[in-house]
1. For residue 87, are the conditions met, namely being open to solvent by 60 Å² or more (accessible area, probe 1.4 Å) and either assigned to a loop (DSSP other than H, G, I, E, B) or under 30 Å from residue 46 (Cα atoms) (or both)?
2. Within the stretch 93-111, does at least one residue satisfy the condition of being surrounded by fewer than 12 Cβ atoms within 10 Å (Cβ to Cβ), assigned to a loop (DSSP other than H, G, I, E, B) and not hydroxyl-bearing (Ser, Thr, Tyr)?
3. I'm checking my understanding of the structure. Among residues of the stretch 137-151 that are in contact (Cβ under 8 Å) with a residue 60 or more places away in the chain and open to solvent by less than 30 Å² (accessible area, probe 1.4 Å), which one is farthest from residue 84 (Cα to Cα)?
4. What number of residues within the stretch 9-27 are assigned to a loop (DSSP other than H, G, I, E, B) and either more than 19 Å from residue 69 (Cα to Cα) or of a type in the set (Val, Ile, Thr) (or both)?
5. Pull out all pairs, ordered by first then second residue, where Cβ-Cβ is under 8 Å, the residues are six or more apart or on different chains, the first lies in the stretch 2-22 and is over 10 Å from residue 38 (Cα atoms) and touching a residue at least 40 places away in the same chain (Cβ under 8 Å), and the second is part of a loop (DSSP other than H, G, I, E, B) and open to solvent by less than 70 Å² (accessible area, probe 1.4 Å).
6. Scan the stretch 15-69 residue by residue and report those that are open to solvent by less than 40 Å² (accessible area, probe 1.4 Å), out of contact with any helix residue (DSSP H, G or I) (no Cβ under 7 Å at 6 or more places or on another chain) and β-branched (Val, Ile, Thr).
7. List the residue pairs whose Cβ atoms are under 6 Å apart, where the first residue sits in the stretch 86-100 and is over 9 Å from residue 150 (Cα atoms), the second is in a helix (DSSP H, G or I) and not charged (D, E, K, R), and the two are 6 or more positions apart or on different chains.
Amino acid sequence: MLLDFDQRVTGFASQPMWLFSTAGRRRRSHAPDWFARRADGTGMVVDCRPLDRIKPRDAEAFAATERACRAIGWEFRLLGAPDVVLLANVRWPAGYRHPRHRVGPVADRLLESFSRAKALRDGAERVGDPIAVLPVVFHLLWSGRLVADLSTLPGEYTLVSRAEAP
């Protein structure tokens, strides 16, 4: 879900390949957890494992994967457990990712309303009834058109602003 939320990522696949290596006389194989392609064309391979649960054999596989990625110009990232607050805060707008929540005229007015940072509730109420407007706000947050600090618990006073143009 975090890869899907990352505006720099244009596509991703789970367990996209098998990597085979030889360490001494032992043959090893490893299927990384994710591959992501970024908008700039670069690739990123991701393995996810709680850092306190990495055994020596796993560490060898991750190191071999990192060497293979480096050799072909891809980034390798070993990620532990995601921050629970960030994950919860991304999960909410993920429910509004579908384009049906982008109501054009409302979205345009919201982007104007949040041209300067303001509280979520204030910006939404300037556009209309929050029951109708908030799903569009959440869609715009998901799609990166609006931004907010997702490292803390959001609420009606969370500051939201229009994203800067790329």
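The values are calculated or read from the model by the stated rules, or taken from the named source; none is laboratory data. Being a predicted model, the structure only gives us computed values, none of them experimental. For neighbour counting, all protein chains shown are included, and Cβ atoms are generated from backbone atoms with ideal geometry for every residue, glycine included. Protein only, heavy atoms only, side chains kept; ligands, DNA and RNA dropped before computing areas. Shrake-Rupley method; radii C 1.70, N 1.55, O 1.52, S 1.80 Å.
1. no
2. yes
3. Per the stated criteria, the residue is 144.
4. Within the stretch 9-27, residues that are assigned to a loop (DSSP other than H, G, I, E, B) and either more than 19 Å from residue 69 (Cα to Cα) or of a type in the set (Val, Ile, Thr) (or both) number 2.
5. Note: pairs meeting the criteria are 2/82; 19/31; 19/32.
6. Correct list: 46, 65.
7. Pairs found: 93/138; 93/141; 93/142; 96/135; 96/138; 96/139; 96/142; 97/142.
For every residue, the table says whether it meets (1) under 23 Å from residue 83 (Cα atoms); (2) touching a residue at least 24 places away in the same chain (Cβ under 8 Å); (3) in contact with a helix residue (DSSP H, G or I) (Cβ under 7 Å, 6 or more places away or on another chain).
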residue	(1), (2), (3)
105	no, no, no
115	no, yes, no
125	no, no, no
135	no, yes, yes
153	yes, yes, yes
158	yes, yes, yes
